[in-house]
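Taking it in order: structure first as structure tokens, then the write-up.
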Amino acid sequence: MKLIKYLLVILIFAVFFSCSLNRYSPEIKNTLESAEDNKSDLKKAIRYFEVKGDSLQLDAVLFLIENLPYHSFVEIVPCDSERVEIPWNISKYENYSEARTALDSLEKIGGFDWEANQRFKDAQVISSEFLIQNVEDSFYAWKNLPWSKGYSYEVFVEYILPYRGSNEPLPEKNNWREEFMEKYSELPQIMLDQTDPLEAATFINQELREWFKFDEIYYLHPTDQSIDEMKNTCMGRCEDMTNLAMAVLRANGIAVTSDYTPHWADSGNNHAWNAIVTHEGEAIPFMGCEADPGKYSIRSRVAKVYRKTFAKQDDNLASLLKENEDAPAWLSSKHYVDVTNKYSKVTDLSLKIIRSIPDSVRFAYLCVFNSGEWRAIQWSKIDNKNSTFEDMGIDLCYLPMILEKEIDRSKI
């Protein structure tokens, strides 16, 4: 009889869980399919919040899981011309010049290039424990910290709940939010207005810049650093600085994201910085670990500025691409929105393509001249040889282009 009861309990649970999954969106089902061996962990996280009975927390974990397929970390390693990995440790060198000289020497001896070694897809590696603790710690901060209570749920899920800033490795520890929140537990007692997220962010950012600094040597680090790496190195490039600031501020219930320009329009390189989201929905720029909210402005003229989102955006180029249809690498991302008009005067640019183009070419690009090359900064669908590029920074030089063949994604 005990065995029969036990089997009945298992059967009821299986039927209930199967029916529950049938209520989920196609996106959730897609994630579960793409998770492969990690599927059971994702189901375990969903089931945890179903049993707990907190509908908002269940919605939050579903939001994360729905968007998992679009986030990952790619391990990149240095290789010689035969694609044999070369030992490389950035910490061995005192400065950028020394590291650059070492790389140049390797290239002269046996060739040198960065190779993608392995992609770690969030859907396939993230654990149920990590997801559960991330949701519960996020909700605790949102519900209990005085400056966080004024945020809507919609702001919370996009700018506090997410566990990553860009394409950095996942945190190794589940309790990173708890650690950063505990570090600033005395903050309310020293604030003039405990309800002001800008004041809270300023205090935290001032403390961050005491121990984390910009160092150009990390331009030669092939990927963004993880939270654990940054705690050890105490230095990084702008992407690292924005990611660290996001991790610490989100752990403390402050809505924050990163804005970026993929290519400067009047100089080389690119840039990323942070933006605090206020209770009223305004985004205030600052530079994590360097310049506080209200005291930061971008240094160069921009053609485009984009804002990172954790959620997939359906109006991006990536959502329109057909299978095997190529595009410039960063424009293939599914999670960004255009915020150029928040930083610059803009205008729409329309043009008609007068040359013949292959039938397979469906998109045109506007490019800026950056670091010796023309680099794509915006896209437009071609309609009867007409293209309109929306919200472009004014008084800049652009070159329209089309993509006729497969490209080296690292170059554009």
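Contact order, relative form, for region 227-290: 29 percent (alpha carbon pairs under 8 Å, 6 or more residues apart, mean separation divided by residue count).
Calculated accessible area for the chain comes out at 50 Å² per residue, all protein chains present (probe 1.4 Å; ligands, DNA, RNA ignored).
Rounded if a/c is under 1.5, else prolate if a/b beats b/c, else oblate: with a ≥ b ≥ c from the C-alpha gyration tensor eigenvalues square-rooted, which is region 320-364?
Judged from the Cα gyration tensor, region 320-364 comes out oblate (a/c at least 1.5, b/c at or above a/b).
With both labels modelled 7 Å from their Cα along Cα-to-Cβ, the I394 to E107 distance reads 4.0 nm. Mind running the shape call on region 261-355? Use the C-alpha gyration tensor, a ≥ b ≥ c as the square roots of the eigenvalues: rounded below 1.5 for a/c, prolate if a/b tops b/c, oblate otherwise. Prolate is the answer for region 261-355, as a/c is 1.5 or above and a/b outweighs b/c. Considering only G236, G294, G393, the mean-square fluctuation computed in a Gaussian network model of the chain, springs between alpha carbons under 10 angstrom, is largest for G294.
Taking W374, W147, W114 in turn, the Gaussian network model of the chain (Cα-Cα springs below 10 Å) assigns the largest fluctuation to W114.
All other residues whose Cβ lies under 9 angstrom from that of T233 are scored, Lys and Arg at +1 and Asp and Glu at -1, for a net of -2.
Across region 90-107, computed HN-Hα scalar couplings (Karplus, 6.51 cos²θ - 1.76 cosθ + 1.60, θ = phi - 60°) run 4, 6, 6, 10, 6, 7, 4, 4, 5, 5, 5, 4, 5, 5, 4, 5, 4, 5 Hz from first to last residue, x flagging Gly and Pro.
Summarising the amide proton neighbourhood of I377: residues at separation of 5 or more, or on other chains, whose placed amide H is nearer than 5 Å comprise L366, C367, V368. The charge dipole of the chain, taken about the Cα centre with unit charges on the Cβ atoms of Lys, Arg (+1) and Asp, Glu (-1), comes to about 940 debye, rounded to the nearest 20.
Using θ = phi - 60° in the Karplus curve 6.51 cos²θ - 1.76 cosθ + 1.60, the 3J(HN,Hα) couplings for region 28-44 round to 5, 4, 5, 4, 4, 5, 6, 6, 6, 5, 8, 4, 5, 5, 5, 5, 4 Hz; x is entered for Gly and Pro. Electrostatic bookkeeping for A141 treats Lys and Arg as +1 and Asp and Glu as -1; over the other residues with beta carbon under 9 Å from its beta carbon, the sum is +2. Fully extending the segment from S356 to E179 would add 57.8 nm, taking 0.36 nm per residue of separation and subtracting the current Cα-Cα distance.
Per-residue packing, averaged as other Cβ atoms within 10 Å, sorts the ranges 353-361, 64-72, 84-92 into the order 64-72, 84-92, 353-361, beginning with the highest. In this structure, the pairs whose alpha-carbon distance is over 18 Å, taken from K29/K173; K295/K342; K308/K345; K352/K381, are K29/K173; K308/K345. Here the contact order of region 56-203, divided by its residue count and restricted to Cα pairs under 8 Å and six or more residues apart, works out to 28 percent.
In a simple Cβ point-charge model (Lys, Arg +1; Asp, Glu -1; nothing else charged), region 249-373 has a dipole of about 140 debye relative to its Cα centre.
Rounded, prolate or oblate: which fits region 128-224, taking a ≥ b ≥ c as square roots of the Cα gyration tensor eigenvalues, rounded meaning a/c under 1.5, else prolate when a/b beats b/c? Could you put the intermediate results ahead of the total?
Values: a/c = 1.94, a/b = 1.22, b/c = 1.58.
Oblate, because a/c is 1.5 or more while a/b does not exceed b/c.
Less than 5 angstrom separates the built amide H of D391 from those of T347, D348, L349, all sequence-distant by 5 or more or on a different chain. Solvent exposure of W330, expressed as accessible area, is near 40 Å², computed with a probe of 1.4 Å over the protein chains only.
The values are calculated or read from the model by the stated rules, or taken from the named source; none is laboratory data. Predicted model, so just to flag it, every value in this text is computed and none were measured. Cβ coordinates were reconstructed from backbone atoms using ideal geometry, including for glycine residues, and neighbour counts include every protein chain displayed. Areas reflect the complete protein model, heavy atoms only, side chains present, ligands, DNA and RNA absent. Shrake-Rupley method; radii C 1.70, N 1.55, O 1.52, S 1.80 Å.
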